[in-house]
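Following: one structure in structure tokens, then a few remarks.
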Amino acid sequence: MDFITGEEGGLVIDWTQMATYNTIMSIAAGAGLLLLIGLGRSLHGDKTFRPEGWALSAGVLGFILTLTGGHMTLTWPFAKYFPFDNIIFGETSLAFGVLLLATAFYLWKRGSVLATAEDRAEEAAATAKPLGIFVFGLGLALFGIAAAGVIFQLFAAPAQEPISGAFAEWPWIEALFMSGLFALVGVGAVLFPFALRSFSSATPLNAVAKVLGVVWSITGVVFLLFGALNFYTHIGLIVNTMG
């Protein structure tokens, strides 16, 4: 990495050249995954379905991810130190953010129709079916990110970062952790179009939908908590490397 070394040999990073906001992105992504699982359950069997609440939630999270992911994708703020992170976090967040905004728009505009549909789950699945191709492709992309993370040992935090930096001597640990998360989200994304095929309030969830629910629930919680933790660890890294 093209880091700067201070007079005493300590790591110094020029933070004017590396805007970082994957903290809020991680929280929003985790919350977004949990929101989709909650929405699916509500469509499948919640008799008190409130489309406006789901629309507002999807809109808030979609706006954050589209704004930050779009900025990261177009401007590459990590270019000097971690250029690959612009692809890993920026492009995936942008894609997920736009999908959440589309969900919010649909629920806001067609929520009343959906709420009174004879089979809400089937109606929503039919609407989302064309997006299944894109979501499937994103799943394959996430597998690519996971493979790159392991092969090139990405995601390792510098020793100056609190908590995460304790594993700096063993970069494969964080590489496996983060790559595993991306791979699990990818599993859910690849299964998404197949889960829609029999998504109906009249029938129990099939095995594919259940697996999708499990992997997105787990990764949603982990991304949310990891993002919250990074508000401490990233601030500590900045303090320790300002020079």
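No value in this document is a laboratory result; all are computed from the given coordinates. Quick caveat, the model's predicted, so the values are computed rather than measured. Glycine also receives a Cβ, built like all others from the backbone with ideal geometry; neighbour counts cover every protein chain displayed.
Numbers at a glance
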{"item": "Which numbered condition ILE173 misses (of (1) farther than 24 Å from GLY213 by Cα; (2) touching a Lys or Arg at 6+ places or on another chain (Cβ under 9 Å))", "result": "(2)"}
{"item": "Cross-chain or 6+ apart pairs with Cβ under 8 Å, the stretch 54-71 first and without any contact (Cβ under 8 Å) to a residue 60 or more places away in the chain and under 10 Å from SER93 (Cα atoms), then β-branched (Val, Ile, Thr) and in a helix (DSSP H, G or I)", "result": "GLY62/VAL98; GLY62/THR103; ILE64/ILE24; THR66/VAL98; THR68/ILE24; GLY69/THR92"}
{"item": "Of all residues making up the stretch 31-65, the number that are surrounded by 15 or more Cβ atoms within 10 Å (Cβ to Cβ) and either touching a Phe, Trp or Tyr at 6+ places or on another chain (Cβ under 6 Å) or among the small types (Gly, Ala, Ser) (or both)", "result": "14"}
{"item": "Total residues in the stretch 39-86, condition closer than 21 Å to ALA19 by Cβ and of a type in the set (Lys, Arg)", "result": "1"}
{"item": "Top-ranked residue of the stretch 91-128 - restricted to ones that are under 24 Å from SER198 (Cα atoms) and among the polar types (S, T, N, Q), ranked as surrounded by the most Cβ atoms within 10 Å (Cβ to Cβ)", "result": "THR103"}
